[in-house]
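Reading through the structure tokens given below for one structure.
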Amino acid sequence: MPDLYPPEPPAADRDGGAERTVWEHLRDQLPDDAVLMHGLSMVERGVEREIDCLVLWPGVGIAAVEVKGGRVTRERGRWLQGSGERRHVIDPFGQVQDARHMLTRLLAQRGLGAASARTAHLVVVPHTDVSAEWECPEAPSGMLLGRSDLPRVAEAVRGAIEVHGAGHAPLDVGALAQLVDYLAGSFPSQVEALALAAQHEDAIEQMTRDQAKLLDALRNLNRMRVVGGAGSGKTWMALEVARRRARAGERVALVCYSRGLGRYLERMTGEWKPVERPAYVGLFHDLPLSWGAEAGSDDDSDYYERRLPLQLGELAVARPSEELFDTVVVDEAQDFSDLWWPSLLRCLRDPDAGGLIAFSDEDQHVFDRDGSAPITLAAIALEENLRSTRQIAQTFGSFGDGMVKPRGMAGPPVRLVDVSFDEAISAGDDAVEALLADGWAPGQVALLATGRRHPLQVEAVGYHGYAEYWDEFFAGQDVFYGHVLGFKGLERTAVVLAVNGFHDLERARKIVYTGMSRARALLVVVGPRVELEAIGGEGVKRRLADADAWRPA
């Protein structure tokens, strides 16, 4: 069933029930991703127009439908409705054509992408039979539908759009979301936007927990690779797999690469019952340190990429069996190089058959290393984005290689602050201040850089150290200043992405994808539009055309 605005049908006594009849047939025949509106009123410079039924069909276009009940005839170039003394002249095609043109003008004035979508108008007379061969200059074949057309009225609407529709392209999914927001009167005020964000948070929690059903089905697989785009619930599933296996009596290690995600995993598992907690939770490279490996320098890449993983393997061979693991669960597995996987297998009591479960997203492959989990089974794919609003998911999805299926709620448009790389940090600070002034809580907002780190991040880490820096983030009291590379696997309600350059241009597309996908309810992109379009290509260009150009005060 399509989305209905409003959700209830037209009154049965209006126009002898004609509008309700047409609405019910459209409701029953239109696809689930379409939108059906009725009684849409518009005002332009004191002139009022109404569209009885408006069909918004993604991938097809827009149709304005005028409904005339009772007996309708055409005589001597005039349209007549009724019979006997109540017979009167009407102008159904003039009415709906004027309304359709007003709608198109209003959309263009708003700068909405739907203004250029294929648009058509047609008239339905549900109480009158119309010959399939009948037509006239203002009503070519397919633009006047009668009683016998009702069983296929949606198909006829689609045909009218495709044959008679004006415009340049089918209705885009992103343009549809903005169009519904406008027509339904739901361009959100800040109060409404904040309420929507709260509602979205609750919906995320429920949708993510729905994935427990998938884990139930996969519980007997001892080795599996789960792949999914940003926001598909991989981290929640990694935690839940580790919890279930620990509760079943296994000795479990839950590992990742980035510090922020590692601290998150530690905090989450620390709240569980002791019987559910994994034996080890945290960074991959902290595991060998806990077994006696020598510490290295943060800027020594050879230590982390070669010497430390090799040492882990040596230490694992020397450990007693009771200190090894029955299962190792890896989150953000795309960050692990080939050299790390053999050492992880040695951490298993049974390297050949022990549990190895890896969660990954190749579109977030932002580090200069390659590796793949030694799992021969076909990957299990998570195709839906659960975390972000539709607008955010569609925007960051245009930077990815896979298909993102948004399942989140509709939200406010993505905002774009078009400035140079050099201005991005300063303009990002302005955006943060504007959001706080509009009522967003500091703990809801994060500013993430793509190039050089924000000065406040450098200061916080230098003064407090990484442990306290991340604990401040999880406390959720203040605006968080971070970098995309360190924020993988984490999220905030509102994210300001400061696109201030890239250390590795070859990975720029994946870095932007990752940064955008950290936002749940509001995304503000601060950086040069032309560079973003060059990085992402035509698909990104189309998505950014739907963004709100913003200049934060």
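Values for this structure:
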| quantity | calculated |
| --- | --- |
| Candidates Asp331, Asp286, Asp361, Asp298 - the one that is without any contact (Cβ under 8 Å) to a residue 12 or more places away in the chain and within 35 Å of the chain's Cα centre (by Cα) | Asp298 |
| Filter result for Leu107 (closer than 12 Å to Ile51 by Cβ and either of a type in the set (Gly, Ala, Ser) or under 36 Å from the mean Cα position of the chain (by Cα) (or both)) | no |
| Set Val60, Val55, Val67, Val47: member being exposed (fewer than 13 other Cβ atoms within 10 Å of the Cβ) and either in contact (Cβ under 8 Å) with a residue 40 or more places away in the chain or within 28 Å of Arg105 (Cβ to Cβ) (or both) | Val47 |
| Residue in region 1-14 that is within 24 Å of His101 (Cβ to Cβ) and buried (at least 22 other Cβ atoms within 10 Å of the Cβ) present | no |
| Matching entry among Ser321, Ser372, Ser360 (being modelled with pLDDT of 90 or more, polar (S, T, N, Q) and not assigned by TED's automatic domain parsing to the domain that holds Met516) | Ser321 |
| Flag if Met37 is of a type outside the set (Asp, Glu) and exposed (fewer than 13 other Cβ atoms within 10 Å of the Cβ) | no |
| Wholly enclosed helices (runs of 4 or more DSSP H) of region 141-229 bearing at least 1 residues at pLDDT 60 or above and in the same structural domain as Pro58 (by TED's automatic domain parsing) | 153-164, 173-183 |
| Elements of type helices (runs of 4 or more DSSP H) in region 440-553, at least 2 residues being in the same structural domain as Thr235 (by TED's automatic domain parsing), crowded, with 22+ Cβ neighbours inside 10 Å and in contact with a helix residue (DSSP H, G or I) (Cβ under 8 Å, 6 or more places away or on another chain) | none |
| Scope region 421-455; condition without any contact (Cβ under 8 Å) to a residue 60 or more places away in the chain and touching a His at 6+ places or on another chain (Cβ under 9 Å); matching residues | Asp429, Leu447, Ala449, Gly451, Arg452, Arg453, His454 |
| His38, sole failed condition from (1) farther than 22 Å from His168 by Cβ; (2) assigned to a loop (DSSP other than H, G, I, E, B) | (2) |
| Whichever residue in region 229-268 is without any contact (Cβ under 8 Å) to a residue 60 or more places away in the chain and in contact with a strand residue (DSSP E or B) (Cβ under 6 Å, 6 or more places away or on another chain) and, among such residues, is farthest from Leu283 (Cα to Cα) | Ala246 |
| Exclusive hit being in contact (Cβ under 8 Å) with a residue 60 or more places away in the chain and surrounded by 14 or more Cβ atoms within 10 Å (Cβ to Cβ), set Gly142, Gly165, Gly159 | Gly165 |
| When residues of region 130-176 are limited to those that are within 34 Å of the chain's Cα centre (by Cα) and of a type in the set (Asp, Glu), the one nearest to Asp98 (Cα to Cα) | Glu162 |
| Unmet requirement for His127, which otherwise passes all of (1) at pLDDT 90 or above; (2) under 40 Å from the mean Cα position of the chain (by Cα) | (2) |
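Here is a yes/no grid of residues against (1) in contact with a strand residue (DSSP E or B) (Cβ under 8 Å, 6 or more places away or on another chain); (2) among the aliphatic types (A, V, I, L, M); (3) free of Cβ contacts under 8 Å to residues at least 60 places away in the same chain:
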residue	(1), (2), (3)
Gln457	yes, no, yes
Val461	no, yes, yes
Glu468	no, no, yes
Phe474	no, no, no
Gln477	no, no, yes
Val496	yes, yes, no
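The values are calculated or read from the model by the stated rules, or taken from the named source; none is laboratory data. Small disclaimer: the values here were computed from a predicted structure and weren't measured. Please note: Cβ atoms are built from the backbone with ideal geometry, for glycine as well, and neighbour counts cover all protein chains shown.
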